[in-house]
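The values are calculated or read from the model by the stated rules, or taken from the named source; none is laboratory data. Everything quoted here is computed from the prediction, not taken from an experiment. Virtual Cβ from ideal backbone geometry, glycine too; neighbours counted across all protein chains shown. Just the protein is used for accessible areas: all its heavy atoms, side chains included, with ligands, DNA and RNA removed. Shrake-Rupley method; radii C 1.70, N 1.55, O 1.52, S 1.80 Å.
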Amino acid sequence: MWYLSTRNEKIRKTPAEAILKGIADDGGLYMPECFCSAKFPMDSLTKMSGKEISAKVLSLLFSGDSMFPEAEDKAEAFLGAVKRGYDGKFDDEDYAPLAKVGNAFVMELYHGPTCAFKDVALQLLPQLVAEAKRATGMKDEIVILTATSGDTGSAALSGFSDVDGTKIIVFYPKHGISAVQERQMVSCKGKNTCVVAVEGNFDDAQSGVKNIFATLDLPEGVKLSSANSINIGRLAPQVAYYFKAYKDLINGNEIKMGDKVNFIVPTGNFGDILAGYFAMQMGLPVGKLVCASNENKVLTDFFENGVYNKNRDFHVTKSPSMDILISSNLERLLYLVCGAEKCAAYMKDLKEKGEYKITKEELDAIKSVFDAGFANDETTLDVIKSVYEKHGYIMDTHTAVAWKVYEDWAKENENGYKSVVLSTASAYKFSNSVMNAIGKEYDDEFDALEKLNAITGAKIPGSLVGIKEKPVVHKNVVKKEDMLTFVRDMVGKKEWTK
Ligand SMILES: *Cc1c(COP(=O)(O)O)cnc(C)c1O
């Protein structure tokens, strides 16, 4: 399988090279040349374990000899990587259990070490990076550079902490993530880790990181890569859980093989939902992919009228991991629908004017698969309360955005297929908002966590027990225009001290 830049198909890399580079030199994102050789063997799906499904998906998307060159059975080789990444890391042996809530299903993707769905990808990415380095004989040190809207940072730190041959720098918006999210990151002890607050929002941090990729001259023996969903190694593991949910629905006698299923996905950078589209390209019977946004509803508007316009007010919401106005992975969908040349032109418009408009035909093609909706903070909190009262099920704010969008969407678009709402974070990660929703308010987020536990009785995830007492190790704060200088300074140092 070749990976091509979304902006220029002449830029071609092997899977290993694409994983190691993260983003193409022209600023484009890597895409598989074709899904034709990556069809999932649906006939064997119901007999496979969750980890075997992951391994199969990886072996199809990363086929060829750039990864595990000596392995005869690639799926078997990838299964080793999946086990090294996942075993003992999830508080449920199943990395993506399904819960039935009312007429729909909630896929709980938050049972990993940092309590957000990003763990599913980021516990595995270091294994993929390590294998890509080994298989290509690369001796350089990889510095992972990441911008986070809250959850990628802690998940990436957890995955890469003290992994040999790697270092990781995480930038987060100083105001706009939850206290628990911040403490998870700034308490990270790994000696190869560096956490930095940026005076700005997520888009500032992400643009800063993209700029560093494009402009920084690196010292000999150092290469940059990304743990954001712009890295194909991050996206691929997410494809697997769509297949896994489908398997669980069949095995639970909810659907028959071949039936379509709708997926409703709380969306920020458009990575998670795009993984669902990849699954569909690989043969999963999908009805609709419904893109759920919070008040930063740039995607809802785009799906409505074909105009992507980021020139608007940025809202800090109670679902902060979705507070994003530039959804990077939409570029990959545009590439599939319009081709590289037009995709490059749209991205140029976005950079220069903050806006682009696709044609009606392109929009129609997209809408044959995607629908979209949004929920504001008020309705999000209402829905947490109503779902809790009606079904005894507690969901976090991001999941609640998707649930609300699902309820609204189902009223008008009922297509007779089963629906799965992706749950991307544990309620405990956003306990203040969740407590607020179910009736009580606390000033201290850490107190709210304990109160939520007292009321609902749901188990506090191990990694959040005692989070309040974890000492702050990282205290860096930079202005957005100083990110480049900061990174230049850090990559020049052999050892990092805190
Ligand atoms: C990152 C994140 C999202 C958004 O996922 P994308 O892949 O960026 O669309 C949604 N919910 C939570 C809790 C997240 O951490």
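Table for the structure above
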item: DSSP bridge orientation in the chain - percent antiparallel, rounded to nearest 5; result: 25 percent
item: Inter-part distance where the range 414-455 and the range 69-140 are each reduced to a Cα centre, Å; result: 25 Å
item: Leading residue at positive end of dipole, the chain (Cβ point charges), from 395, 55, 149; result: 55
item: Value at 222 nm in deg cm²/dmol, rounded to 500, when DSSP H runs of n ≥ 4 in the chain each add -39,500 (n - 2.57); result: -13000 deg cm²/dmol
item: Pairs from 100/210; 13/83; 83/244 whose Cα-Cα separation, in the structure shown, is over 28 Å; result: 100/210
item: Mean Cα-pair separation over length for the chain, i.e. relative contact order, pairs under 8 Å, 6 or more apart, %; result: 19 percent
item: Those aspartates and glutamates that a straight Cα-Cα span of less than 18 Å connects to residue 357, excepting residues fewer than 8 apart in one chain; result: 301, 304, 331, 341, 349, 371
item: Local electrostatic count, residue 187, Cβ distance below 13 Å [Lys/Arg +1, Asp/Glu -1]; result: +4
item: Pairwise centroid distance, computed over Cα atoms, of the range 281-308 with the range 458-498, Å; result: 33 Å
item: By accessible area with a 1.4 Å probe, ligands and nucleic acids excluded, highest first: order of 409, 2; result: 2, 409
item: Anchor residue 459: lysines whose Cα lies under 16 Å away (excluding residues fewer than 8 positions away in-chain); result: 429, 451
item: Three-way shape label, the chain, alpha-carbon gyration tensor, a/c 1.5; result: rounded
item: Listed residue pairs exceeding 19 Å between alpha carbons, taken from 288/411; 189/223; 47/247; 174/404; 21/167; result: 189/223; 174/404
